[in-house]
Amino acid sequence: MALWSGRFTQDVSEFTQRFGASLPVDKALYAQDIAGSQAHARMLAARGVISDADAAAIVQGLDDIKVSIEAGEFVFDINDEDIHMSIERELIARIGEAGARLHTGRSRNDQVATDTRLFAKQRCADLMAANVALRQALIAQAEAHPDVILPGYTHLQHAQPVLFSHHMLAYVWMLTRDFERLSAAQHAADASPLGSAALAGTTYPLDRQMTAEALGFSRVIPNSLDAVSDRDFLLDLSYACSVSCMHLSRLCEELVLWSSSEFNFIELSDAFSTGSSIMPQKKNPDFAELIRGKTGRVVGDLMALLVTMKGLPLAYNKDLQEDKEGAIDAARTLEDCLMCATGMIETMDIKPDNMLAQAQKGHLAATDVADYLAKKGMPFRRAHEVVGHLVLLCEQRGCNLNDLTLDDFRAESDLFEADITAALDMESIVAARTTEGGTGHQAVSVQLARAKEALAADEANL
Ligand code: ARG
């Protein structure tokens, strides 16, 4: 019979018991559940609701149960709907009457909200640490190849040459914002619902500040109805996971492209590639593809919870039991993806010659030739048109802008002089982009210093 069986004369069927249970998912919250119960018992004793002896027996009994769970000796029984009932039933079996006093002034509704918030806070911390590790790997690649140039793209067409380090740092900034989002999700979770009981508070003189402090929450949720039914903090976590995974997916999409024979910009290490069961020559970027693929599931976890929440009246509804599976999955998936991406970035080899060779193709100097004319007084729109003609000429001849003679240039405008060739050299084109945040060496080294500063600050907050 269930712990609440007093008013019932019939058990649910085995099927509905299974259908209604959350134990397979929420047993992951055993440590949080035990910590929450211990804090509650100590507070009940401090307020004279239960005796000190009972509180001590409860705290000890729960410590022992934790040891059993961690030793793999604890028998989880699906007849207990969830981890809360599982642990409480075992406590009563082990210590008797004192254990049966634990649930005074408490409901599973504030218990599950408390456990889930503690869990979410911890997972945010884990993800923030994994985020920092990937940023370190990207920064290390940027620093290892300060002079490498590759084509920058818009519409996946060659646009302007950029430094490889600049390209790596673009992802570092995405991840820097992901860290902020995880930190915001951690703050959202960092509020205690404990002491709200089922929905309306209780008749016992509970000290909510005391349990909040004991559990490391920075504040107490001010409204008991909101406390037991709010899952915004899980949405915040799922959103932070979704955005971060989307960033990893974009990075991985580039790794997949770059390791194709068409690009041939990088070689992923064997440890992050797989072969084919039929084609002996294949080396596939499976893990990059998998990160891209898993992103779909993480975004799905966010959507699922949003839809679950949208029609719920106050306060607790059983629908809320569907909150944990997706959030746990999203956090675990992102953590795995961050770790996998870190290993992939740390071990990839880059091919600077192939990158530069591609940057020579596709008239990447065109904007700079137009700028050359504009700086000599020609309105930029007109200069754009002149260079458009030169590019057309190159296309007709099947050559590049730097294959044209000075006469070819001067046929379009007599503002061209012998120094035009200097404007066509990839190194000079890159170096000329001196604006803050631009790809010139100087600007990139300033940017790199900033990215490292932000990383150090985040690391210090882990
Ligand atoms: N298993 C439940 C959940 O995960 C715990 C709270 C149940 N409360 C209740 N009144 N049925 O949401």
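The values are calculated or read from the model by the stated rules, or taken from the named source; none is laboratory data. Quick caveat, the model's predicted, so the values are computed rather than measured. All Cβ positions, even for glycine, are placed from backbone atoms using ideal geometry, and neighbour counts span all protein chains on display.
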Legend entry - Residue match in the range 322-331 (condition: within 16 Å of the ligand (Cβ to nearest atom), out of contact with any Lys or Arg (no Cβ under 6 Å at 6 or more places or on another chain), farther than 19 Å from residue 178 by Cα and of a type in the set (Asp, Glu)): yes
Inset, instruction - Would you mind telling me which numbered condition in (1) surrounded by fewer than 22 Cβ atoms within 10 Å (Cβ to Cβ); (2) in contact with a helix residue (DSSP H, G or I) (Cβ under 6 Å, 6 or more places away or on another chain) residue 372 fails? - result: (1)
Inset, instruction - State all residues of the range 53-85 that are among the hydrophobic types (A, V, I, L, M, F, W, C), within 14 Å of the ligand (Cβ to nearest atom) and over 15 Å from residue 31 (Cβ atoms); if no residue qualifies, say none. - result: 78, 85
Legend entry - Qualifying residues in the range 86-102 (those that are surrounded by fewer than 21 Cβ atoms within 10 Å (Cβ to Cβ) and part of a helix (DSSP H, G or I)) - the one nearest to the ligand (Cβ to nearest atom): 89
Inset, instruction - Return the only residue of 302, 356 being under 23 Å from residue 167 (Cβ atoms), at pLDDT 95 or above, of a type in the set (A, V, I, L, M) and more than 16 Å from the ligand (Cβ to nearest atom). - result: 356
Inset, instruction - Kindly provide the set of residues from the range 309-359 that are surrounded by 18 or more Cβ atoms within 10 Å (Cβ to Cβ) and among the polar types (S, T, N, Q), ordered by number. - result: 321, 333, 342, 358
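Of the residues in the range 8-36, how many are assigned to a helix (DSSP H, G or I) and either within 14 Å of the ligand (Cβ to nearest atom) or closer than 21 Å to residue 322 by Cα (or both)? Give the derivation first.
So in the range 8-36, the residues assigned to a helix (DSSP H, G or I) come out as 14-20, 23-36.
Then keep just the ones that are either within 14 Å of the ligand (Cβ to nearest atom) or closer than 21 Å to residue 322 by Cα (or both); that gives 14-20, 23-33, 36.
So the answer is 19.
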Inset, instruction - With respect to residue 111, determine if the residue is in a helix (DSSP H, G or I), within 16 Å of the ligand (Cβ to nearest atom) and either over 23 Å from residue 166 (Cα atoms) or in contact (Cβ under 8 Å) with a residue 60 or more places away in the chain (or both). - result: yes
Legend entry - Sole exception among (1) touching a residue at least 12 places away in the same chain (Cβ under 8 Å); (2) assigned to a loop (DSSP other than H, G, I, E, B) for residue 41, by number: (2)
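Can you say whether residue 137 is within 16 Å of the ligand (Cβ to nearest atom) and crowded, with 17+ Cβ neighbours inside 10 Å, as far as the supplied structure shows?
Details: within 16 Å of the ligand (Cβ to nearest atom): no; crowded, with 17+ Cβ neighbours inside 10 Å: yes.
No, not satisfied.
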Inset, instruction - Run residue 138 past the list (1) in a loop (DSSP other than H, G, I, E, B); (2) closer than 30 Å to residue 360 by Cα; (3) not small (Gly, Ala, Ser) and report the number of the one that doesn't hold. - result: (1)
Inset, instruction - State which residue pairs qualify: first residue free of Cβ contacts under 8 Å to residues at least 60 places away in the same chain and inside the range 286-297, second residue aromatic (Phe, Trp, Tyr) in any location, beta carbons under 6 Å apart, and separation of 6 or more residues or different chains. - result: 287/272
